[in-house]
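The values are calculated or read from the model by the stated rules, or taken from the named source; none is laboratory data. Please read these numbers as outputs of a predicted model, since none were measured by experiment. Every residue, glycine among them, receives a Cβ derived from its backbone with ideal geometry; neighbour counts consider all protein chains shown.
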Amino acid sequence: MIKGFKEFILRGNVIDLAVAVVIGAAFTAIVNAIVQGFINPLIGFVFQIGDLTNLNLSVPTIFGGIATFEFGSILVAVINFLAVAAIVYFVFVFPMNRWKERAAARAGVTDAASEEPKLPTEQELLVQIRDLLERQNKA
């Protein structure tokens, strides 16, 4: 049992995944700080609301109280998510895909899945039908 656990932990993909999670968490903290310290105040300045977290809607309730919908905090979470996703894509995914494409082009390897199979032309299909009919008539 211990041997199996040791083999599992020492696999390369488990360690790679652990490193990716730690770096991802640190990277998310950086992006969140940029969004909180720069992007949100910039949007708040443009729309004259100060900070986006102050964007809310207060509605009177049926029994005389007030219900507050905090749209600002939802908007901040969406902006954080989009910022992290965009930065991860443009800083990591897009360059890595380009690097893989260039490496494959240098090696002369083409993606077989992207090549569409060549379909026969109409004339080739008619010739095949004619040949089949001729064989059936001979039999």
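Return the residues of region 51-99 that are in a loop (DSSP other than H, G, I, E, B) and out of contact with any strand residue (DSSP E or B) (no Cβ under 6 Å at 6 or more places or on another chain); say none if nothing qualifies. Before you say what the answer is, go through the steps one by one.
Taking region 51-99 and keeping what is in a loop (DSSP other than H, G, I, E, B), we get 51, 55-56, 61-65, 70.
Those that are in a loop (DSSP other than H, G, I, E, B) and out of contact with any strand residue (DSSP E or B) (no Cβ under 6 Å at 6 or more places or on another chain): ASP51, LEU55, ILE62, PHE63, GLY64, GLY65, GLU70.
Just one residue in the set ILE49, ILE66, ILE34 is under 28 Å from the mean Cα position of the chain (by Cα) and of a type in the set (A, V, I, L, M); that residue is ILE34. None of ARG102, ARG135, ARG98 is under 24 Å from VAL21 (Cα atoms) and charged (D, E, K, R) except ARG98. The set of residues in region 1-40 being farther than 24 Å from PHE90 by Cα and part of a helix (DSSP H, G or I) consists of ILE2, LYS3, GLY4, PHE5, LYS6, GLU7, PHE8, ILE9, GLY12, VAL14, ILE15. The residues of region 9-24 include none that are surrounded by fewer than 10 Cβ atoms within 10 Å (Cβ to Cβ) and either of a type in the set (Phe, Trp, Tyr) or under 13 Å from VAL84 (Cβ atoms) (or both). Cβ separations smaller than 6 Å between residues 6+ apart or across chains give the following pairs from region 74-103 residues that are free of Cβ contacts under 8 Å to residues at least 24 places away in the same chain to residues that are assigned to a helix (DSSP H, G or I) and aliphatic (A, V, I, L, M): LEU75/LEU52. Here ASP51 meets the list (1) modelled with pLDDT of 80 or more; (2) surrounded by 11 or more Cβ atoms within 10 Å (Cβ to Cβ) almost entirely, failing just condition (1). Scanning region 28-46 for residues that are of a type in the set (A, V, I, L, M, F, W, C) and touching a residue at least 40 places away in the same chain (Cβ under 8 Å) returns VAL31, ILE34, VAL35, ILE39.
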